Amino acid sequence: MANAASTTDAAALERMHELYLEGGRQRGMAPHIVYQDGKCPHEGCQQSLQAIDFRLEAFGRTVHDPLVRAWWAETGFAGRCPNCGGWIHFTVRGKRAITEDEAATLPQLPENWADEAVIL
Ligand SMILES: [Zn+2]
């Protein structure tokens, strides 16, 4: 019974997640996110990256549009940590430390993204 209940919960959560993505996609909503882990994913870095409003509109449509599409398609995008300079892959579901080679395969934030973003 416990297993059945947790499976149902997971399915309900997944369904909620899908609805959230669908709504964001349809409205082209600006990516902002609150992550469960509060810091930069690179080891030893104390940069706070809990809540991020990327404010991509500050960079114009040619930057904004493809990155917003990548965000809601769950591809996400890569950007450098403003403190340690390490590459980070940001998605709706989480953020992780990646190498420069991995970052090269992803849509990328502008170099100065952290100057425009609101980071808490
Ligand atoms: Zn960092």
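Restricting attention to the stretch 14-23, does a residue exist that is at pLDDT 90 or above, at positive phi and surrounded by 10 or more Cβ atoms within 10 Å (Cβ to Cβ)? No. If you scan the stretch 72-84, which residues turn out to be surrounded by fewer than 15 Cβ atoms within 10 Å (Cβ to Cβ) and either more than 21 Å from residue 18 (Cβ to Cβ) or small (Gly, Ala, Ser) (or both)? Listed by number, the list holds a single entry, 73. Residues in the stretch 85-97 that are within 12 Å of the ligand (Cβ to nearest atom) and crowded, with 17+ Cβ neighbours inside 10 Å were compared, and the one that is farthest from residue 29 (Cα to Cα) is 86. Of the residues 27, 55, 69, 61, the single one that is away from the ligand (no atom under 16 Å from the Cβ), among the charged types (D, E, K, R) and crowded, with 16+ Cβ neighbours inside 10 Å is 55. The set of residues from the stretch 30-52 being aliphatic (A, V, I, L, M), away from the ligand (no atom under 14 Å from the Cβ) and surrounded by 13 or more Cβ atoms within 10 Å (Cβ to Cβ) comprises 30, 33, 51. Answer yes or no: is there a residue in the stretch 102-112 that is hydrophobic (A, V, I, L, M, F, W, C), exposed (fewer than 13 other Cβ atoms within 10 Å of the Cβ) and either within 16 Å of the ligand (Cβ to nearest atom) or modelled with pLDDT of 95 or more (or both). Yes, there is a match, as at least one residue in the stretch 102-112 is hydrophobic (A, V, I, L, M, F, W, C), exposed (fewer than 13 other Cβ atoms within 10 Å of the Cβ) and either within 16 Å of the ligand (Cβ to nearest atom) or modelled with pLDDT of 95 or more (or both).
Scanning the stretch 36-69 for residues that are without any contact (Cβ under 8 Å) to a residue 60 or more places away in the chain, hydrophobic (A, V, I, L, M, F, W, C) and assigned to a loop (DSSP other than H, G, I, E, B) gives 40, 45. Residues of the stretch 72-120 that are of a type in the set (Gly, Ala, Ser) and farther than 20 Å from residue 57 by Cβ: 85, 86, 94, 97, 103, 104. Listed by first and then second residue, the pairs with beta-carbon distance under 7 Å, at least 6 apart or on different chains, first residue in the stretch 74-99 and touching a residue at least 60 places away in the same chain (Cβ under 8 Å), second within 13 Å of the ligand (Cβ to nearest atom) and in a loop (DSSP other than H, G, I, E, B), are 95/41; 95/49.
The requirement of being on the phi > 0 side of the Ramachandran plot, modelled with pLDDT of 95 or more and within 16 Å of the ligand (Cβ to nearest atom) is not satisfied by residue 76.
The values are calculated or read from the model by the stated rules, or taken from the named source; none is laboratory data. The model shown is predicted, which means the values in this text are computed figures rather than measured ones. Neighbour counts run over all protein chains shown; Cβ positions are idealised from the backbone, glycine included.
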